[in-house]
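The values are calculated or read from the model by the stated rules, or taken from the named source; none is laboratory data. This is a predicted model, so every value here is computed, not measured. Here the Cβ positions follow ideal geometry from the backbone for every residue, glycine too, while neighbour counts run over all protein chains shown. Ligands, DNA and RNA are stripped out before the accessible areas are found, and what is left, the full protein with its side chains, is counted by its heavy atoms. Shrake-Rupley method; radii C 1.70, N 1.55, O 1.52, S 1.80 Å.
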Amino acid sequence: MNLAKAIAKDLAILFIKTAWEKSVEEISPHIQLQIFKASNRYIRNYARRHGRLKVLGMSRPVSLERVYTTVQLLDKQEILLNYATVEALEKNYRQGTDRWIEDTKKSRQIGIDVANREQYLTVLGQPGVGKSTFLRKIGLEALKGRHGKYKHICFPVFLELKRFDGLDLNIEEQIAKELEICGFPNAEAFTKKSLQQGKLLVLLDGLDEVPTKKLTNVIHELNDFFDKHFKNRFIASCRIAAYKGYFKSCTDVVVAPFNRKQIKQFIDNWFQTELDIQQNTANKCWELLQRAENAAAMELAQTPLLLTFLCLVYDRSQSLSDNRSRLYKKALDILLEEWASEKRLQHDMIYQGLHSELEKVLLSEFAYEKFTGDQLFFSKGTIIDHIANFLKDTLDAPESLNCKEVLNAIEVQQGILVERAEDVYSFSHLTIQEFLVARYLAKDLRKLNMLVSSVRFLDSRWQEVFLLATGLQDSADNLLLEMEKATHKQVKTEGLRRLIRVLSQQANSEIEGDGKLAAKRALCIAFFLKHASSYSYEVSDRVVLESFCEKAQSLSQLIDNSSSLKYVSVRTFDPEISISLEELSGLNNYLTSTLVMVRCRQAALRVSPKVWHQIERRMLTVPEQMPFFPAFTPR
């Protein structure tokens, strides 16, 4: 007997023993056959309805079993009690080594282990983090009986709570209907007896998807159902912001965002066609996602829904998008609008007149305000005040408006803003905040140019914002010209000007190859820095100079990655040239500014070839016609 038949037979036996309280042999062959067929049909129906994924406009569904990635769970209390203040959360984030806002130190547990251990479980999480997928997977494992990873012999029933649309909610009746659809005889009797004997695993998906006016009734009915049928096993799911400790008998856990190991596992599972295996697609996608320039995309990949989106993008184009701004705009739209639309959720309007485009303006202004203040975390009161002022100024909202409810609706429906500790919030992803800041600046070019003039793009924290803002403009010509001016302001001393001039002149004779002249200049600077690191500086200074050298080499490749430039000879530079460590630091700032400018050009939607040719021609030079810029200290 193959596995599928063995699983169906075990399910049929469970049904017979529960409904008739007899052995299989004591039941007529006709009834045995009917139940065996119904068991087969139930398994097939479950797999068809709950065992496949089709999201974000996918042309065809994929098997949940194929792409499922091990879910990890966190203790809900640990999340909210770890950090009591905004300052504590800021300090914890600053001590981290990557962009991820989530605290990676929290203890994680394997989801299936928790489900096996806990009889009553509430699975919480942000939108798109995989709550429903986890419940569906538990049901699949329970259907397999002794062949699955769920260690309790139960009859699983998956119920979508958004379908409970009446005041006379009857969960027992809903369970019996699930069985009748597949042809089980005596479905009502089986349901009653299985509930009495504790033979059911009831999976209740999407408490947050119940319409607000019906929520109180549904919660009362579910609590009464848990109390009355306490021998059974229950797993419910809900968005974390919508859950107020409604189920007193349940253990509350939170789905952890994917870590890097889970992201890789998901990508490996996703690209499993014969062609993908032949072309090593999964490894190529994973390697691309790990590159430094894709750190923001890697951060989005913590959310399974957005990781699915990234895999779909890569599958279509074998890249992660030619325009990073378009990529993150789509990610924001998925959270704001598309996910609820695909799930057919009928949420109440957040506030009369506050449509999604206007909500983006609200969030963009707030993101900019906090980002300029170097704040990733903020109090609940701060965001409520911002919402109140925005609605009053934009929609003439009354001062009596309860803006706590508006914040709660934004948090519950979209998960753009997330409560990290009690009354302490952040944006769900740093990437989302950066995109909203860029969106704000792209619509206020005066402020954007002020930030350019103050060379804010030297600050690594702002560099992603500038890349995104560049990509959001119809033409990036003016922005790049302003960046060029700010870049040349980094050459603050005559000694540094003289050095750059000499290196620019030597690039043609010292560097061999047909690459762009700007790329040759960058490589010549790299050679000089490598030579300088052998001077009698302190060891720590030499390490810094080596990092400057690597930056210059990266810049050369970024300017012209099609060339194969190399040094013609190793020679000593003009001994009259002397340069201090302070001036070398200035040279590094010049390189950094140029590097960001080149990356912005690549991130741009459109740049005039003529304008870029002019910029590239002057790149890494000190043109004689350019005035001497006085020393300038960025704010």
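General remarks:
- Put the Cα centre of the stretch 142-192 next to the Cα centre of the stretch 286-335 and the gap is 38 Å.
- Part-to-part distance (alpha-carbon centres) for the stretch 441-465 and the stretch 360-421, which is given in Å: 23
- Both radii are taken from the alpha-carbon atoms of the stretch 393-520; with Rh as the Kirkwood radius, Rg/Rh is 1.18.
- CD proxy at 222 nm, helix term only [per DSSP H run n ≥ 4: -39500 (n - 2.57); per residue of the chain; nearest 500]: -17500 deg cm²/dmol
- Counting DSSP beta bridges with both ends in the chain, the antiparallel % (nearest 5): 45
- Taking all protein chains into account, the per residue accessible area for the chain stands at 46 Å² (1.4 Å probe).
- Cα centroid separation, the stretch 13-58 to the stretch 544-560 (Å): 64
- Cα-based helix-to-principal-axis angle, 581-603 vs the chain, degrees rounded to 10: 50
- Extension gain (nm, one decimal) between Lys447 and Ser534, 0.36 nm per residue minus Cα-Cα: 27.0 nm
- Axis angle, to the nearest 10 degrees, between helix 3-19 and the longest C-alpha principal axis of the chain: 40 degrees.
- The protection proxy used here, the mean number of other Cβ atoms lying within 10 Å of each residue, ranks peptides 384-396, 64-76 as follows, highest first: 64-76, 384-396.
- Mean sequence separation of contacting Cα pairs (under 8 Å, at least six apart), scaled by the length of the chain, corresponds to a relative contact order of 13 percent.
- Net +/- balance of residues flanking Lys264 in space, Cβ distance below 13 Å, scoring K and R +1, D and E -1: +1
- Accessible carbon and sulfur surface of the chain relative to its total accessible area, %, 1.4 Å: 48
- Stretching Leu312 away from Asn508 to a fully extended chain increases their span by 66.1 nm, per 0.36 nm per residue minus the current alpha-carbon distance.
- Peptide packing: for 540-546, 218-224, the average count of neighbouring Cβ atoms within 10 Å per residue gives the ranking 218-224, 540-546, highest mean first.
- Tilt relative to the chain, helix 609-618 - C-alpha long axis, 0 to 90 degrees, to 10: 50
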